[in-house]
Amino acid sequence: MDVLDHAELPFPTSLTEFQTLFPNDKACAEYLEKVRWENGFECPHCGATGEPFRIATRPNVLRCRKCRKDVRLTVGTVMERSCVPLSIWFCGAYLITSQTPGMSATQFQRQLGLSRYETAYGLLHKLRSAMVRPDQDKIGGREGEHVEVDETLVGGRTRGEGRGKHHKVIVSCAVEVKHSQPGTAQDKRKDGRYAGRLRLSVQPDRTASSLCGFVESTVAKGTLIVTDNWKGYSALKDMGLGHHAIAECGDPEIADEFLPISHAVFSNLKAWLMETHHGVSPQHLQAYLNEFTFRFNRRYYPMNAFRSLLGLATHAEAPTYADLYSGKWKHPTCCG
Ligand SMILES: [Zn+2]
């Protein structure tokens, strides 16, 4: 749900602005503290409140005045147990959030001024792990809004192996369609329709069980689904979903008129995969789809993307600091 949360801190619009906001480890630590305790420090060991002791040489540690135990600010985040300074982590997350995707470890190392390639590689890998974890909650379910569902072929060139043979992968898309306020500037484009949240998934085939299974696992019950008239979608009605199939979808003009958002998503996705990754092998495609989805769903809320990359909780189901200390909750690790 973090896509819908407005982070209260403004997101820096340039690297200079970023460095003014987070000039050193101390500033980063203050930010971590603010994220954890909106209303001031509360000791996870004894529950005491009030100003803790601060240690000048260890900005990411607070010490409780009552029980004298240390509280590490990075516990439960991607920065936990890392020797890399907080300011480097923050700058790395900023670069990934704000710059063109597909940054290599070498570029990353140069930008952050790191002496070792391995450090840059490890940092990049850990920060990206937040992006390649799929978003779990279901999309749709809002009154007056529908969800477009469509599928496309991605990647892999056919090499003269006969008809019907290809190295392409089927990718399903489900995307919320929202409507701008009438009379605004955005209202003029695509009849005022624009995209809400997105889900993308690799499919083994175009059968009803694959395509409808994808819809069932990603779209909330009661949502109106708009698809083309491929028979693989005809079972949607039996699954408690409203279904509107557009006839004559073989005609590209009709398809663009009725499924404009999913078609725009597919063309952006294909351009991104080609330009930044020069094509992607099928076994890694889902991780790239997740990264694309992560950026897409947070395009209006870069501060939430930044926080997610650092492993700073931004949603309601987030663990409490006491959970983190009792070991009840663990920061999810990279799935690839
Ligand atoms: Zn305490």
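Those helices (runs of 4 or more DSSP H) of the range 21-123 in which at least 1 residues are within 16 Å of the ligand (Cβ to nearest atom), considering only elements entirely within it, cover 25-36. Looking across the range 56-106, the residues that are of a type in the set (V, I, T), out of contact with any strand residue (DSSP E or B) (no Cβ under 6 Å at 6 or more places or on another chain) and farther than 30 Å from T276 by Cβ come down to T57, T74, V75. Restricting the first member to the range 244-255 and to residues that are at negative phi, and the second to residues that are modelled with pLDDT under 75 and in a loop (DSSP other than H, G, I, E, B), the beta-carbon pairs closer than 9 Å and six or more apart or on different chains are I254/E248; A255/E248; A255/C249.
The values are calculated or read from the model by the stated rules, or taken from the named source; none is laboratory data. In this text the structure is predicted, and so the values were computed from the model without any measurement. So basically every Cβ, Gly included, is an ideal-geometry build from the backbone, and we count neighbours across all protein chains shown.
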